[in-house]
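Worksheet for the structure shown next.
A short reminder: the numbers here are calculations on the coordinates, not readings from a lab. Keep in mind the model is a prediction, meaning the values are calculated, not measured. No Cβ is skipped: glycine too gets one built from the backbone with ideal geometry, and neighbour counts run over all protein chains shown.
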Amino acid sequence: MTVPDDLVIKSNDLRALDSPISLGALNLTLGGNLYVGRTPYDQTRIWGTVNTVRGTYSFQGRQFTILRDGTVRFEGLDALDPELNIRTERVIQAVTTNVDVRGTIKQPQIVLSSVPPLEEADILSLILFSLAPGSRSRWRNARRNWRWAPSPPSSRIRLATRSG
């Protein structure tokens, strides 16, 4: 099956399975080639890659642009657990912040980076609270007052940083 750069996926209320916490909203256009097959006495399997064409992801009033040429790759394995390489971008106070999602659906890895390069705490303060780099005491106070779940819905989400 060919997906001709116009498969649109929209959700106003993304949620992890059985989770009361909203993960935000998604408006994404994909394209690529997927192959779906099944042999007797086996489950249906999916192979192939779809690429991001354009899109947005919004979380608690903060909107990120989903960059072109990210990938979702299916390997035809027993478990439906595609490999992810998706990049997002948001400019905040003249700093370009990137949140990249890598790994798999079941074990995603979040990678933060920025231009100019900032420490992870400063990138997080910009993304979550729009606080300028170096505002650590303001970041700590804002973090204390922020009302959200103490941890992500999936304990398997790992946060990493990418240098420069």
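Identify, please: which residue in the range 104-115 is closer than 22 Å to VAL53 by Cβ and free of Cβ contacts under 8 Å to residues at least 40 places away in the same chain and is, among those, surrounded by the most Cβ atoms within 10 Å (Cβ to Cβ)?
Ranking the candidates gives THR104 first.
If the requirement is being under 11 Å from the mean Cα position of the chain (by Cα) and more than 15 Å from ASN27 (Cβ to Cβ), which of these qualifies: ILE105, ILE92, ILE66?
Of ILE105, ILE92, ILE66, the one residue that is under 11 Å from the mean Cα position of the chain (by Cα) and more than 15 Å from ASN27 (Cβ to Cβ) is ILE105.
Any residue that is surrounded by 14 or more Cβ atoms within 10 Å (Cβ to Cβ), in contact (Cβ under 8 Å) with a residue 60 or more places away in the chain and not polar (S, T, N, Q) - is there at least one of those in the range 41-53?
No, every residue in the range 41-53 fails to be surrounded by 14 or more Cβ atoms within 10 Å (Cβ to Cβ), in contact (Cβ under 8 Å) with a residue 60 or more places away in the chain and not polar (S, T, N, Q).
Could you list, in sequence order, the residues of the range 94-103 that are surrounded by fewer than 16 Cβ atoms within 10 Å (Cβ to Cβ) and in a strand (DSSP E or B)?
Residue satisfying the conditions is THR96 alone.
Pairs only if they're at least six apart or on different chains, beta carbon under 9 angstrom, first in the range 11-30 and within 16 Å of VAL101 (Cβ to Cβ), second hydrophobic (A, V, I, L, M, F, W, C) and outside any strand (DSSP E or B); list them, first residue then second.
Close Cβ pairs satisfying both conditions: LEU23/ALA16.
Within the range 16-31, does at least one residue satisfy the condition of being in a loop (DSSP other than H, G, I, E, B), closer than 21 Å to LEU84 by Cβ and in contact with a Leu (Cβ under 8 Å, 6 or more places away or on another chain)?
yes
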